[in-house]
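Report on the structure given below.
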Amino acid sequence: MKKFRLKNLLTIFTTFAILTTSLYGCGNSANTAQTSTANDKKLFEIEAYGVVDPQISAQQIIADKKEFFEEEGLKVTNKLLQSGGDISPLISGGSAKVSFESTYTDIALAANNVDVKILATMANIGDTQCVVAGKNVTINSAKDIEGKKIGIASGAGVLIAIRNMCKDLGVDVNKIQFVILSPSDQISSLERGDIDMMACWEPWVSNAVKTGGKLLFSGLNSYLPEKTGPVEWLNFHTTLQVTGDFLKNNPKQVESLLKALSKATDYINKNPEESAKIIAPEINLDEKQVLSIMKKNVYTMKFDKSFIDSSNEMAAFMHEMGNINSVPKFESYGDPTPLKNAVPELVTAS
C-alpha cells in the first residue's frame, strides 16, 4: 500500500462514481429521426445514453417503462453502459447527443472545450459518499480521526466531504493519512485492520457496514458525536446533458424530454418501491438492493444555487488535483433555459 498525505494527492478520477464502481452495458450512436406508431402519431426519436446505475439512469428508465416519453411525443431508446467513464468519449465524439452522467464528467468535458450542456440535475447522491470506520476503531470525537489511516480511491469526490467535515469540526486534514486503494481493497484492508477507515460510495459502503464497519458520515449526513444530522459536506449531482448542436437544432424536443423526465422524477418520489421493481431488471440488480441505494438519493431536477455552487466546488477540486488544466465557467456547460421553459418551477437560479 502506498501512503499519501492530502497535499500529495495529485491524481484524481472521481466516480460517480460515486458510484461508477457499480454496474453498466454498451450502446451505439445517438441519432434523431421521425417514426410512426400504429395510430400514425409522429414521435421524435432519441437515443439516450446512461449507466446501469439507479443513481444515474433511474428517470430515463422510468420515463421509458411508464411511457412518459411517448406522452411527450418522443420515442427514446435507452443505451445503458457499464461505466460512466465510457460515456465521455461518446459525448466528445458527437455520437452521444443525449446522455445521463454527473457534474464531474461535464466539467472534464467543458475544460477540454467540448460543447456539452447540463440541462437538469437528476439526483443528489451525496449521501452515498461515505466514511466508514473499522469495527475495532473507536471515535469519540471528530478529532480522533487525526492520525488515522483512511483508504480512498485515487481522486474520489468523497475527499471533498472529508475536507469540509474537517473545516466544520476543527479537524486538521493534514494529520490524516490517506492510503490509495480501490473500493474492493478498502473493504479487505479495513477487515484486516491495515487501515482505520475507508472513504467510498455505494454499494461498497453497505458491504463494509455489513461486516462490522461503523458509518461516521456521508456528504449529506453526520453520525459523529459532536454533530449528528443533516450536513452539506458534499452535494454531488447526477445530470442530464446534451451536446450544444442537439440543443440548438431541437429546442422543443429537448423541452419535451425534460417534461417526461420530470414526470418520472415525481413518480420515483411517490412510488419508490414500484420504481425499484421496474428499474431492477433493467440493470440486472436485486430489487431490494436497488431500493436500498435509491433511498439514499435525493431525486430532484431542481436547477438552484446549491447545484451551481457544488458544481463550482467540484471544478475547483478537480483543478487543484490536476485533473483539468483550467476551471470552466459554469455558464459554459450549464444552461437552465430549456428547463425553465418546460417546468419553470424547477429553476430558481440563473
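What the table below lists for this structure:
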item: Residue in the stretch 178-196 that is farthest from Leu216 (Cα to Cα), counting only those that are of a type in the set (A, V, I, L, M, F, W, C) and assigned to a loop (DSSP other than H, G, I, E, B); result: Leu181
item: Positions within the stretch 54-104 being of a type in the set (A, V, I, L, M) and under 16 Å from Phe246 (Cβ atoms), in sequence order; result: Leu74, Val76, Ile87, Leu90, Ile91, Ala96, Val98
item: Among residues of the stretch 166-196, those that are in contact with a helix residue (DSSP H, G or I) (Cβ under 9 Å, 6 or more places away or on another chain) and more than 27 Å from Lys288 (Cβ to Cβ), counted; result: 17
item: Residues (exposed (fewer than 13 other Cβ atoms within 10 Å of the Cβ) and touching a residue at least 24 places away in the same chain (Cβ under 8 Å)) located in the stretch 226-250; result: Glu226, Asp245
item: Condition met for Ala264 (of a type in the set (A, V, I, L, M, F, W, C) and crowded, with 22+ Cβ neighbours inside 10 Å); result: yes
item: Filter result (among the β-branched types (Val, Ile, Thr), within 30 Å of Met301 (Cα to Cα) and at pLDDT 95 or above) within the stretch 182-237; result: Thr228, Val231
item: Tally, over the stretch 295-311, of residues that are in contact with a helix residue (DSSP H, G or I) (Cβ under 6 Å, 6 or more places away or on another chain) and modelled with pLDDT of 95 or more; result: 6
item: Residues being touching a residue at least 60 places away in the same chain (Cβ under 8 Å) and more than 16 Å from Lys295 (Cβ to Cβ) - total across the stretch 197-222; result: 12
item: Check on Thr300, in contact with a Phe, Trp or Tyr (Cβ under 6 Å, 6 or more places away or on another chain) and closer than 30 Å to Ser206 by Cβ; result: no
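Each row is one residue, and each column tells you yes or no for (1) basic (Lys, Arg); (2) in a helix (DSSP H, G or I); (3) more than 17 Å from Asn124 (Cα to Cα).
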site	(1), (2), (3)
Lys259	yes, yes, yes
Asp266	no, yes, no
Lys277	yes, yes, yes
Leu285	no, no, yes
Ile308	no, yes, no
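The values are calculated or read from the model by the stated rules, or taken from the named source; none is laboratory data. Since we're looking at a predicted model, the values are computed, not measured. Counting neighbours? That spans all protein chains shown, and the Cβs are built from the backbone with ideal geometry, glycine included.
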